[in-house]
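Step one of this worksheet: look at the structure below.
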Amino acid sequence: MEQAVRAAEQALIEFEIAVETFRVEVENFSRLHEQKLGPVYARLEELDARILEARAARSDDPEDRRRADEARARLMPIPGVEELLNGWMDGDGLFPEATAMLTDQPVRPPQRVRPSEEARKLYRDLARKAHPDLAQEDKERARREEFITRVNAAYARGSEAELRELAEGWAAGPELKRVPSAGEELYARLEWLARRKELLTLVARELEEGAIGSMLRLAPDDPDRLLEEIAERLWTQVTEREAELAALLV
């Protein structure tokens, strides 16, 4: 029974590592997606609104005017929107970086926060060694939970230096001997592990089925190229919209 519990613990830890790794990748890809493509989406929405306004001016149709007004209302700046748009816009409109991108001026590249292979290795090693599920006492579990929180934060920042420092600190810390569990505790432990796995399965499914997770799974080895392809398609749409608007304004 003890061997079964240990095997289940290790399997759960590996599953948690995989889910957390994918969560960080989804979070980073979402950030890069918004930084790189957010201004292009904004340009498309502005062009769509102007096209509807030009059509309404030509037709003088109340329905065309209603659609144009609705499109323009959706583009009105919203106070406090900066956090939602990851630094591309605030209540006063687009930031200089976004404006520069839309006008083909030089702009600083999006911040890259994608953990390296070495960071991944360090993270996995630390998660396996210090995972809270390996604790048998409340005090030790609390110590491990606090430590893993720091490990997760360092991994999310992609910091190899922080992860190495944490690894050194863990290696120098106290090692508690495992206390053999009674039979009823082992059964309870297996039930808890099963419930934890079900919860993680739901988290993994939500990540995979989300819009960003689905996109990331299309090109897990080269997400930058995927963003470039999407950007190319969007800029083609921008060109088409600009031509349509120019024809309406003649």
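The values are calculated or read from the model by the stated rules, or taken from the named source; none is laboratory data. All values derive from a computational prediction rather than experimental measurement. In this analysis, Cβ positions are derived from the backbone assuming ideal geometry, glycine residues included, and neighbour counts consider all displayed protein chains. The protein model used for the area step is the full one, side chains on, heavy atoms only, and it has no ligands, DNA or RNA in it. Shrake-Rupley method; radii C 1.70, N 1.55, O 1.52, S 1.80 Å.
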Select from region 118-138 the residues that are open to solvent by 20 Å² or more (accessible area, probe 1.4 Å), at pLDDT below 85 and part of a helix (DSSP H, G or I) and write down the one among them that is farthest from Ala18 (Cα to Cα). Asp138
Given the criterion surrounded by 14 or more Cβ atoms within 10 Å (Cβ to Cβ) and either under 23 Å from Pro39 (Cα atoms) or modelled with pLDDT under 85 (or both), identify the matching residue among Leu207, Leu245. Leu245
Among residues belonging to region 16-52 that are open to solvent by less than 50 Å² (accessible area, probe 1.4 Å) and of a type in the set (Gly, Ala, Ser), point out the one that is farthest from the chain's Cα centre (by Cα). Ala49
If a residue has to be at pLDDT 85 or above and touching a Leu at 6+ places or on another chain (Cβ under 8 Å) to count, how many in region 156-199 make the cut? 7
Mind checking which residues of region 221-242 are in contact (Cβ under 8 Å) with a residue 24 or more places away in the chain and farther than 17 Å from Glu34 by Cβ? Gln237, Val238, Arg241, Glu242
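Name the residues in region 195-250 that are of a type in the set (Ser, Thr, Tyr) and under 27 Å from Glu27 (Cβ atoms), would you? Spell out how you get there, then give the answer.
Residues of region 195-250 that are of a type in the set (Ser, Thr, Tyr), as a first pass: 201, 214, 236, 239.
Answer for region 195-250, where residues must be of a type in the set (Ser, Thr, Tyr) and under 27 Å from Glu27 (Cβ atoms): Thr201, Ser214.
Report yes if Arg164 is within 25 Å of Asn28 (Cα to Cα), open to solvent by 90 Å² or more (accessible area, probe 1.4 Å), part of a helix (DSSP H, G or I) and not acidic (Asp, Glu), otherwise no. Lay out the reasoning, then the answer.
On the way: within 25 Å of Asn28 (Cα to Cα): yes; open to solvent by 90 Å² or more (accessible area, probe 1.4 Å): yes; part of a helix (DSSP H, G or I): yes; not acidic (Asp, Glu): yes.
Answer is yes for this residue.
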Expected output for region 47-73 (first residue over 12 Å from Leu248 (Cα atoms), partner modelled with pLDDT under 95 and open to solvent by 80 Å² or more (accessible area, probe 1.4 Å), Cβ below 8 Å, 6+ apart or cross-chain) is Ala49/Arg74; Asp64/Arg55; Ala68/Arg55; Ala71/Glu45
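Please verify whether Leu12 is at pLDDT below 85, in a helix (DSSP H, G or I), closer than 30 Å to Glu117 by Cα and in contact with a helix residue (DSSP H, G or I) (Cβ under 8 Å, 6 or more places away or on another chain), treating the condition exactly as stated. Steps first, please.
Details: at pLDDT below 85: no; in a helix (DSSP H, G or I): yes; closer than 30 Å to Glu117 by Cα: yes; in contact with a helix residue (DSSP H, G or I) (Cβ under 8 Å, 6 or more places away or on another chain): yes.
No, not satisfied.
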